[in-house]
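The values are calculated or read from the model by the stated rules, or taken from the named source; none is laboratory data. For clarity, every value in this text was computed on a predicted model and none was experimentally measured. Quick reminder, even Gly has a Cβ in these numbers, built from the backbone with ideal geometry, and neighbours come from all protein chains shown. Just the protein is used for accessible areas: all its heavy atoms, side chains included, with ligands, DNA and RNA removed. Shrake-Rupley method; radii C 1.70, N 1.55, O 1.52, S 1.80 Å.
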Amino acid sequence: MSKKVVLGFSGGLDTSFCVKYFTEEKGYEVHSIIVNTGGFNKDELKHIEHHAYALGVKTHKAVEAEESYYSSIIKYLVFGNVLKNNTYPLSVSAERLIQALHISDYVHELNADAVAHGSTGAGNDQVRFDMIFNIMIPGVEIITPIRDLKLSREEEIEFLKSKNVDMNFAKSVYSINKGLWGTSVGGKETLNSYGMLPEEAWPTQVTETGTEEIKLHFEEGELTEVNGESFETPVKAIQYLQTVAGPYGIGRDIHVGDTIIGIKGRVGFEAAAPMVILKAHHALEKHVLTKWQLNWKDQLAMFYGNWLHEGQILDPVMRDIEAFLQNTQKNVTGDVFVQLKPYHFHIIGIESKFDLMSAKFGKYGEMNSGWTGEDVRGFSKIFGNQTMIWHQVKDSTKES
């Protein structure tokens, strides 16, 4: 009886090689699965399905994972205003984790003997997939032909041609990975420490030339409305905002980061909706949260983003931090006004019933209504009292 293997499948060169290698060289029964995190439309998914069956898979499954991706990961990235190295919204690294989790579920469902992915030995994804598989489906064999055989692209193409596989083998000048929370763009300019991607490399071209003011409504930290239009789920709101902000060329940048395996990497990305949402959400939080809520959120969110990037979504400490982040969002409700323009956006201001910047408590630098000058005089003396004692003791020891 053939060994049953579940293969995470994208339809590209690496995973196409895996299908042929497993079915014709190893005699495996291959069950392919694609986990859509917002990067494929229905026509593209149908094409990938046809391609999988043409290669020889036993079954093929497509999982629509946008909602589970949002509810288990993206929501907390928004609550934490998470930007890796103050730049990158974890567009690709986050989606790999939800893909690995869904693939693990499918292995359980089919009671498969093995699980496979097409990662090479050069990047982060191999660690993320392997680690989650080891945790979620312990004892199930993990097979990675591209990594283990150390195959070059040319060797994969030669093998597939020898199997009479008909597909486009021309390598795109730029490697693009699209998802709900942004699109990564890699090319020759990102292989070195200097260089910016040219205009034609960006998947979303700039077609808007003027300025536009939009209103985002957040309900307990989640985006629910854009310009007064409400959406069934935050996922739909994110997708709609992307169509509004994307044509301005907003959210383009280059991320330089430390990989899990110890080398530094450079990649371009565009993330119009994520960047606008994160900055708008943070602006609202600065008005409605206290100083120490903001302080601890920053610290925990930085760890959360870094640990998520390292693939550690299943560490129980992540549930603890998520509970904290969720609790901070009770008053993060209100409208944020944003001005869009080509390549830029600005937060104009917010309106919220929870706004702590209320005029009835005083105006910064002008008038106060909650205390007197004598109150401040006494507070200032007490607030610095221990530091004053420290300096007096230090000075007295010098004199003696």
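The table for this structure:
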{"quantity": "In nm, spacing of pseudo-spin labels at TYR53 and GLN205 (7 Å Cα→C-beta vector)", "calculated": "3.5"}
{"quantity": "Kirkwood hydrodynamic radius of region 266-399, Cα pairs, Å", "calculated": "19.2"}
{"quantity": "Region 193-292 shape via C-alpha gyration tensor axes, a/c threshold 1.5", "calculated": "oblate"}
{"quantity": "DSSP bridge pairs, the chain: antiparallel proportion in percent, nearest 5", "calculated": "70"}
{"quantity": "Whole-Å distance, taken between Cα centres, linking region 1-79 and region 265-283", "calculated": "27"}
{"quantity": "Burial ranking of peptide ranges 324-330, 393-399 (average Cβ count within 10 Å, highest at the top)", "calculated": "324-330, 393-399"}
{"quantity": "Projected area averaged over orientations for region 7-77, convex hull of C-alpha atoms, nm²", "calculated": "5.1"}
{"quantity": "Percentage relative contact order, the chain, counting C-alpha pairs under 8 Å, at least six apart", "calculated": "17"}
{"quantity": "Candidate aspartates and glutamates - alpha carbon under 16 Å from LYS58, same-chain residues fewer than 8 apart omitted", "calculated": "GLU24, GLU25, GLU29, GLU49, GLU109, ASP113"}
{"quantity": "Cα-based reach from LYS394 at 22 Å (exclusive), listing lysines while leaving out same-chain residues under 8 positions away", "calculated": "LYS381"}
{"quantity": "Mean Cα-pair separation over length for region 58-164, i.e. relative contact order, pairs under 8 Å, 6 or more apart, %", "calculated": "23"}
{"quantity": "D (Stokes-Einstein, µm²/s), Kirkwood Cα radius, the chain, 0.890 mPa s at 25 °C", "calculated": "103"}
{"quantity": "GNM result for the chain, Cα springs below 10 Å: residue of PHE218, PHE22, PHE169 fluctuating most strongly", "calculated": "PHE169"}
{"quantity": "Ordering of 24-32, 241-249 by packing [mean C-beta count within 10 Å, highest first]", "calculated": "241-249, 24-32"}
{"quantity": "Cross-link pairs beyond the 26 Å C-alpha cut-off, checked among LYS46/LYS215; LYS26/LYS178; LYS42/LYS188; LYS188/LYS341; LYS171/LYS279; LYS3/LYS61", "calculated": "LYS46/LYS215; LYS26/LYS178; LYS42/LYS188; LYS188/LYS341; LYS171/LYS279"}
{"quantity": "Distance between modelled label sites at HIS344 and GLU158, nm, 7 Å Cα→Cβ extension", "calculated": "5.3"}
{"quantity": "Packing rank of 176-187, 375-386, where each peptide gets the mean count of other beta carbons within 10 Å, highest leading", "calculated": "176-187, 375-386"}
{"quantity": "Region 288-321 residues near the modelled VAL127 label - backbone nitrogen below 14 Å, point 7 Å along Cα→Cβ", "calculated": "306-313"}
{"quantity": "Under the span-like rule (Cα at least 18 Å along the axis, Kyte-Doolittle mean at least 0.0), DSSP H helices of the chain", "calculated": "91-110, 272-288"}
{"quantity": "Within the chain, helix-based [θ] at 222 nm, where runs of 4 or more DSSP H residues each add -39,500 (n - 2.57), nearest 500", "calculated": "-12500 deg cm²/dmol"}
{"quantity": "Computed FRET value (nearest 0.05) for GLU64 with TYR194, which takes r as the C-beta separation and R₀ as 30 Å", "calculated": "0.15"}
{"quantity": "Contact order relative to length of region 108-205, as percent, for alpha carbon pairs under 8 angstrom and 6 or more apart", "calculated": "18"}
{"quantity": "Max mean-square fluctuation residue, GNM over the chain, Cα-Cα springs under 10 Å, options MET388, MET196, MET302", "calculated": "MET388"}
{"quantity": "Accessible surface of the chain [probe 1.4 Å, protein heavy atoms]: carbon and sulfur percent", "calculated": "52"}
